[in-house]
Amino acid sequence: MYTVLIADDEQNIREGLKYIVDWNALGFCICGETSNGEDTLHFILKENPDLVLLDIRMPRLYGTDIIRMAREEGYSGRFIILSGYSDFAYAQTAIRYGAELYLTKPIDEDELSAAAQKIASDLTRERNNLENFSLLKDKARHVILREIVTGSWPASHQNLLLPDRMAEMNLSADIYQVVICEDYDTPPADSGSRFAGLLRVTNKDSLTFECFEEKTCEVILLKGSFALHKFRDFLERCEQDSSSHTLSRSSFFISYGHPVVSPEEIQLSYREALTLQKRRFFCQQGQHILGVRDLPELTDSLRPESRILEEYSGKLTNYLLSFNCSMVAETLFALEELLCCTDDIAAVKLFLTDLYLNIKEKVSLTYHTSAIPFPANAEAISHIGQCRHLYEIIRYISEMMEMIIDATGNPSRSTVLDDIQYYIDHNFRQNIRLENIAPLFGYNSAYLGKIFNKHFGESFNSYVDRKRIEHSKALLQEKSLKVYEIAEAVGYKNVDYFHKKFKKYVGISPAEYRKKPCEYTESGQTEL
């Protein structure tokens, strides 16, 4: 059944047009009526009727203007112009704008019926052609998929997002989410197959997700609640088993946007995933996934660049000259957090290059007689320029700081473990890892892990977990925060993982501890 809009400023004409022909028999139903040009244009653009019976002389907007403006907005339906004999020139203009034909008033019912019947036949033929058109073939379908995901469809293709069209292309779902995957060392032969393996699904007939290539990346459109549930399971497996999951030693990188519920919003999820994919440079070592919670609040953190450069080069030089390893590490950590609030990777690399050269110059002026084995400036500039991640540059500068301290006569290393303990005690809320901290204090992670365990009687991760749980107990007693807020406040992004760790160290759940915190010991036994 096709739809028809009746637009005329005279009510008796509108009423007559409703009954002058048997619209149902011709395959039409009347979807509305309007009495002025502005309402008519609004109705056309909103409801997209198949046929419009349009009076040429409408208040507010003439019929010719309505047709022209509707066509400019992508409307492709049919117009039949209703005019008086004196309006012939307007009718000719309307036909140039795409009106099917014009009928003079008073309207002849046979003439109107024949015109409507011809238009119904044309619409049916076009619909049949569309159903067999190449848009439904695989190649064209992928083009449409790309347009829907990236939001690049032309205005005339807006109807592709209608439910029936989405269903025809097997893209209909109650919820969607966009994921971008990139193998930045060795592009896999079949990223879609690999992603299906990560989610532990078969994706037969693309029921779970769709994928297409975009430059060096694979763009994945998850479809439906089942697909999003499997993806959440995958993310939880990665977070809870970060040392051995599939991505731990891989160059495979994943970013994802928010779940959305309508086809029109898919592009929003894509843009978020794309923004995060471009921020791979700011990931920590071993971090292979960025999600919507990692979207930063970007600032012009390097403006004015000269002031920031002077501030940090001055701080680091002073700490170097006083052999203060812990403050060098803390300052580099603060600088790294600051630089993560920008998205200009080239500016970050240039800033850090200038920072290193500035510190080198200041130290050289102080120890001009010392044989400090600085690398050549060209070598340092090249190394920083080739780094793929911010942490690699920070580690390189940290190694240079350690080399300077060694060369200028650092008196003792006996307090380094105390400095590390101080650092953990004040930064356990952050995503701190042994492999990230070790270079800041001049150690490789394997060696530092051994001496840390020997000195403190427990592993680095265990110490961090214990500090987090101790702090969470205090927050639970205050009762001002929800459990998931406390989990985030002490450094756990996944509340279920926090529950497991809390029960491991305390013996009861956070909720049980909050109810009667003073009645339990660390083993979960009731105190007498």
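For the range 366-378, check the following and say yes or no: at least one residue is hydroxyl-bearing (Ser, Thr, Tyr), over 36 Å from the mean Cα position of the chain (by Cα) and surrounded by 15 or more Cβ atoms within 10 Å (Cβ to Cβ).
yes
Of all residues in the range 30-84, how many are hydroxyl-bearing (Ser, Thr, Tyr) and touching a strand residue (DSSP E or B) at 6+ places or on another chain (Cβ under 6 Å)?
Residues meeting the conditions: 3.
Does the range 433-443 contain at least one residue that is surrounded by fewer than 17 Cβ atoms within 10 Å (Cβ to Cβ) and in contact with a helix residue (DSSP H, G or I) (Cβ under 8 Å, 6 or more places away or on another chain)?
Looking through the range 433-443, none of the residues is surrounded by fewer than 17 Cβ atoms within 10 Å (Cβ to Cβ) and in contact with a helix residue (DSSP H, G or I) (Cβ under 8 Å, 6 or more places away or on another chain).
On the basis of being modelled with pLDDT of 75 or more and either within 16 Å of residue 270 (Cβ to Cβ) or hydrophobic (A, V, I, L, M, F, W, C) (or both), does residue 147 make the cut?
Against the criterion (modelled with pLDDT of 75 or more and either within 16 Å of residue 270 (Cβ to Cβ) or hydrophobic (A, V, I, L, M, F, W, C) (or both)), residue 147 qualifies.
Restricting to the range 215-232, count the residues that are more than 24 Å from residue 168 (Cα to Cα) and open to solvent by less than 50 Å² (accessible area, probe 1.4 Å).
Number of matching residues: 3.
In the range 452-476, which residues are closer than 14 Å to residue 420 by Cβ and either open to solvent by 60 Å² or more (accessible area, probe 1.4 Å) or outside any helix (DSSP H, G or I) (or both)?
Result: 453, 454, 455, 458, 459, 461.
Quick check: is even one residue across the range 489-504 hydroxyl-bearing (Ser, Thr, Tyr), in contact with a helix residue (DSSP H, G or I) (Cβ under 7 Å, 6 or more places away or on another chain) and open to solvent by 50 Å² or more (accessible area, probe 1.4 Å)?
Looking through the range 489-504, at least one residue is hydroxyl-bearing (Ser, Thr, Tyr), in contact with a helix residue (DSSP H, G or I) (Cβ under 7 Å, 6 or more places away or on another chain) and open to solvent by 50 Å² or more (accessible area, probe 1.4 Å).
Give the range 74-93 a look and list any residue that's of a type in the set (Gly, Ala, Ser), buried (at least 16 other Cβ atoms within 10 Å of the Cβ) and at pLDDT below 75, or say none.
Once the filter is applied, which keeps residues that are of a type in the set (Gly, Ala, Ser), buried (at least 16 other Cβ atoms within 10 Å of the Cβ) and at pLDDT below 75, the range 74-93 yields only 91.
Since residue 32 meets every condition but one in (1) assigned to a loop (DSSP other than H, G, I, E, B); (2) closer than 22 Å to residue 162 by Cα; (3) not polar (S, T, N, Q), which condition does it not meet?
It is condition (1) that residue 32 fails.
In the set 191, 134, which member is at pLDDT below 75 and crowded, with 18+ Cβ neighbours inside 10 Å?
It is 191.
Please tell me if residue 508 is surrounded by 12 or more Cβ atoms within 10 Å (Cβ to Cβ), modelled with pLDDT of 55 or more and part of a loop (DSSP other than H, G, I, E, B).
Considered against the rule, which asks whether it is surrounded by 12 or more Cβ atoms within 10 Å (Cβ to Cβ), modelled with pLDDT of 55 or more and part of a loop (DSSP other than H, G, I, E, B), residue 508 comes out as yes.
I'd like the full set of residues that are within 17 Å of residue 49 (Cβ to Cβ) and buried (at least 16 other Cβ atoms within 10 Å of the Cβ), limited to the range 102-126.
112, 115, 116, 119, 120, 123
Looking at (1) over 30 Å from the mean Cα position of the chain (by Cα); (2) open to solvent by 70 Å² or more (accessible area, probe 1.4 Å); (3) within 26 Å of residue 280 (Cα to Cα), which is the one condition that is false for residue 318?
(3)
Only one residue in 348, 292 is open to solvent by less than 50 Å² (accessible area, probe 1.4 Å), more than 19 Å from residue 392 (Cα to Cα) and β-branched (Val, Ile, Thr). Which one?
From the options 348, 292, the qualifying one is 292.
So which residues in the range 298-314 are surrounded by fewer than 17 Cβ atoms within 10 Å (Cβ to Cβ) and either at pLDDT 80 or above or touching a Lys or Arg at 6+ places or on another chain (Cβ under 9 Å) (or both), if there are any at all?
Within the range 298-314, 307, 309, 310, 311, 314 qualify.
I need the full set of residues from the range 150-164 which are part of a helix (DSSP H, G or I), surrounded by fewer than 16 Cβ atoms within 10 Å (Cβ to Cβ) and modelled with pLDDT of 80 or more, in order please.
Within the range 150-164, 163, 164 qualify.
Which residue is modelled with the lowest pLDDT, if the candidates are limited to the range 414-424 and must be within 15 Å of residue 327 (Cβ to Cβ) and surrounded by fewer than 13 Cβ atoms within 10 Å (Cβ to Cβ)?
415
Filter the range 35-56 down to residues that are of a type in the set (Phe, Trp, Tyr) and assigned to a strand (DSSP E or B), then give me how many there are.
0
The values are calculated or read from the model by the stated rules, or taken from the named source; none is laboratory data. Keep in mind it's a predicted model, so treat the numbers as computed, not measured. Cβ: placed from backbone, ideal geometry, glycine included. Neighbour counts: every protein chain shown. Side chains are part of the model used for accessible areas, which takes the heavy atoms of the whole protein and leaves out ligands, DNA and RNA. Shrake-Rupley method; radii C 1.70, N 1.55, O 1.52, S 1.80 Å.
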